[in-house]
Structure formats: structure tokens, C-alpha cells
Amino acid sequence: MQTRLKVIANNIYRYEVAIVFSFRTFSNDIENNEKWWRSTRPISGVEILMSPKYPKDKFVYGKLFYLFGQRFLGNGLVTAQDHDQWYKQRRIMDPAFSSLYLRGLMGTFNERAEKLMDKLSEVADNKTEAHMHRLFNCVTLDVIAKVAFGVDLDLMENTTPFPQAIELCLKGMVFHVRDSFFWLNPRNRPFMNKVREACSLLRTTGAQWIHKRKVAMQNGEDVPKDILTQIIKTAGKEESMTQEDEEFMLDNFVTFFIAGQETTANQLAFCIMELARLPDVLEKVKKEVDEVIGMKQEISYDELGQLVYLSQVLKETLRMYPTAPGTSRDVMEDIVIDGVHIPRGVNCVFSSYVNGRMEKFFKDPLTFDPDRFHPDAPKPYYCYYPFALGPRSCLGQNFAQMEAKVVMAKLLQRFDFSLVPGQSFDILDNGTLRPKSGVVCSVRHRK
Ligand code: HEM
């Protein structure tokens, strides 16, 4: 234990994490935000992220308890500020993300990705265009609904109101957090009503799916040990369940419904956007896919491990486009880092977007170069953290990267694609980052 602590302490001096102090309203124009970020001073603040002593900040995470008066993420895993309450939930959730459990999800990842391939096949046959971001959203939502909640949405064939509801909640979140006066403007009322309805739809759906699962459990049916079962366990015993316990389960339902889907879809879309303009990288990654999986339809867990260059491509995608671009903490006591005095009560924002684009950490930061993540390259500890760092880092990191690899490997195995001309490469900051253009592609079967 002592040795481990020493290693971490050493690294604090060798690597840096940009932290900035935030009191500003953001716009969803990333360029504007970037100018502001760049004017801030990076200092080594990794100890703040690594320690459970600094809670998620009240200003941002506290605000997400409700969205315009409708309970939203409440005390769920992402937003919980009380350490003990968070820790209890995280321990219960961990088994649903163990590597053994994740291996068992390969079938679902393959099956759902296959439905996307059928859709792309249709697009290629009909010579129409594919809105890649939209399609990736469908596949990741299909996966999370099936894997986490045992529900078949089959969004490649059916339409449901969920993608739009998630989109509205995210948009609402941005205004709610970044513009304290938004709710005061009467012109915003129709939008706020829509956001409340969207949020309520997600929570009502959660209540129905949880009820169904509880009935199955009471009837002694064999239920999967999935995220839904773990969510039910976080709320305590059925006999003594209070209204607050019920609400708490819904907090986590909405948390996983949103956190488990959108960021991965955005990563996939950015990845296609970059590959479409970098023929050398594209050729290299296709070659690897051909060598590792050839013509096989079902990709195994072990084969995912052999797709080393594809992993590098996905990592580089998140360096330039960290789809969840940062996190923030409350500093409850005066501290001094790198000679900078951080007074008690300050809100520290850690931006993986800024870190990922700093020359100091990454040479030619605006060049997409997957070889930065070559297994023999020096590891970019603490200046690359698209899944955050420390105890509050992303629980679904491995899940997300397995899913992304299965989807990308199948797509590269079967299709050539090119961007429909005239699209921008801009980033839309909608709380999470996504490609503004939607990444519209023409798709052809590979010869
Ligand atoms: C490319 C995909 C993903 C990225 C880039 C990402 C990134 C992140 C980041 C940066 C955080 C910290 C958020 C904060 O502090 O505000 C986080 C937390 C979290 N993520 Fe992810 N995530 C991804 C996919 C997923 C998936 C697929 C799941 C679930 C299936 C998931 C579940 C969670 C949970 C539960 C937390 C809260 C962890 C805690 O505080 O204990 N994420 N993620």
C-alpha cells in the first residue's frame, strides 16, 4: 500500500492536469469556450481528482438534481455529492462492470452491431446517405437498453421517443447549468415544458421497467444480474422501501440511460469523421481488422484485445474529442498547488478537452495521430483523462470501449465510406461534445 501511494505522489510531480477556476457562463460554441480555457493557467491538480476528499461541485452537479423543477439525475452515481452515499452505490454497481460480466456481453454487442450493419447494407444498396451520428445513437441506445435493463428497443427497425427525450434533457441541462437566468425568461417556457416532459418520460419508463423486474424477482424468475438488478439493490429492502428510495432508483435509471449511451455514440461519430479524412490511418486500421477478424461475423473478446491499432485510433479520438469534456470538484479547504493558492470554497474545473490539445503534453496537438498511443510510446498519465481520474472515474469505460470496438471493427470489415461534401468538422458543445455536422456519409460495400 505504501509503495503505491509513493508512486502516485511521484507522478503528481511528473505529470500535470489542467485545472481552472470557473464562474463563467458557457456558450455552445466550442471556439468561444476554447479561447477562455486557453487563457487559464494549467497547474498540477491531479491530487484533487485522485482524492475522495473533494466532492463533485455543488454548482454543476447539485443543479442536475432537478431540471427546471422536474427531478432528473438526483443522487444517482454521476451526481451524488455525499461520499458515503456514492460509495455504497458504486460498490453495488461494480459487479455489473466486472471483466467477467463484460465478457458475457459480447453476444449482445455483436448482435446489436449486426443490426447496424444491416442498415448500412441497405444504405449502400440504395445508394442513399447515412447520418452516422444518428445511427450510432440508435445502436448504443439499443445496447444499453438490452444490456442494462433487459429491454429490446430495436431502434434500427422501430421508432421510440427515447432518442429525442435524451437529446432534450441534454439540451435542457446545458441551459439549466450554464445560464442561471434562463428560467426567468417567459419565452423559454415552451422549451422548459418540453424538457420537463422528456425528463418525466424517462423516469416513468424507468418506473415501469423497474416494476416489471421486481415482479419477476418476486415470482422467483431467473433475472439477469444486470444494471437494473443492481439499481434495485441500491435502494434497499422491498418491505421498507420509501418514496425517496423509489426516486433514488429512478435517479440511477436515468443516469445509466443517458451516461451509458450518448458519449459512446459521439465518440464513434468523431472517429468516422477523422478516418474519412485520413486515408493512411484508415488503410492501416482496415488492414488490422482484416488480419484479426477476416470474414468472421462474431467477434470474440480475445480478438478485441488483438485490435491494438483500432484501440489507438479510439484513444486518439477521445484525446481530440473527449465526448464528456471535463469534471469539477469543490475545494473545501485552502490548498497550495504549484505555488498557486486555491482558497476554500473554489470550484475547480478539470478539462480533458484543454489538456488533450496542449502542445506541452501532445506534440502537434491538432494532428490526429494514433501512434501517440502505441503500446511502446510513453504513457500520457494524468494529462489524458477522457474518462476522468480517481474514484469518480467512469464506471462504464471498459463497457464503452468494447462496444465501440465491436461496432467499428464490423463497419471497417464491410464498408468503405466517405463524407458527403460540404460538411463542417466543427464540434457542438451540448454538455457532451458531438460532431456538429452529424457525419453524413455515402457508404459502399467493400470489394
Ligand atoms: C466514450 C464513452 C464514455 C466516456 C467518454 C465517458 C466519460 C465519463 C466521464 C468523464 C465521467 C466523469 C463525469 C463527471 O465527473 O462529471 C464518467 C462517469 C460515469 N460514467 Fe462514463 N463515459 C463513457 C461511457 C459510459 C458508459 C457506456 C457507461 C455505462 C454503461 C458510463 C457510466 C458512467 C457512470 C456510472 C459514471 C459515474 C461514475 C461515478 O461517479 O462513480 N459511461 N464517464
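Values in this text are rule-based calculations from the coordinates and carry no lab data. No experiment lies behind these values; they were computed from the predicted model shown. So basically every Cβ, Gly included, is an ideal-geometry build from the backbone, and we count neighbours across all protein chains shown.
Numbers for the structure displayed
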| read-out | value |
| --- | --- |
| Equivalent ellipsoid dimensions for the chain as semi-axes, Å, which come from the Cα gyration tensor, largest first | 31, 29, 23 |
| Neighbour net charge for H176 - beta-carbon separation under 12 angstrom, K R +1, D E -1 | +3 |
| Cα radius of gyration and Dmax for the stretch 123-164 (Å) | 11.6, 35 |
| Mean Cβ count within 10 Å, highest first, over the residues of peptides 91-103, 179-191 | 91-103, 179-191 |
| Net charge of neighbours whose Cβ lies under 9 Å from the Cβ of T323, counting Lys and Arg as +1 and Asp and Glu as -1 | 0 |
| Per-residue [θ]222 nm for the chain (sum of -39500 (n - 2.57) over DSSP H runs n ≥ 4, rounded to 500) | -16000 deg cm²/dmol |
| Amide N of the stretch 80-118 lying under 18 Å from the label point, which is placed 7 angstrom from the Cα of T160 along Cα→Cβ | 108-116 |
| Relative contact order of the stretch 73-160, defined on C-alpha pairs under 8 angstrom at six or more residues apart (%) | 20 percent |
| Tensor-based shape of the stretch 172-317 (alpha-carbon gyration tensor, a/c under 1.5 rounded, otherwise prolate or oblate) | oblate |
| In Hz, Karplus ³J(HN,Hα) per residue of the stretch 76-92 (6.51, -1.76, 1.60; θ = phi - 60°; x = Gly, Pro) | x, 4, 6, 9, 3, 9, 6, 4, 5, 5, 5, 4, 4, 5, 5, 5, 5 |
| Packing-based ranking, highest mean first, of 154-162, 409-417 given that Cβ atoms within 10 Å are counted | 409-417, 154-162 |
| Relative contact order of the chain, defined on C-alpha pairs under 8 angstrom at six or more residues apart (%) | 26 percent |
| Neighbour-count order for I227, I232, fewest beta carbons within 10 angstrom listed first | I232, I227 |
| Residues Q218 and K115, FRET efficiency given R0 of 25 Å [Cβ-Cβ distance, rounded to 0.05] | 0.15 |
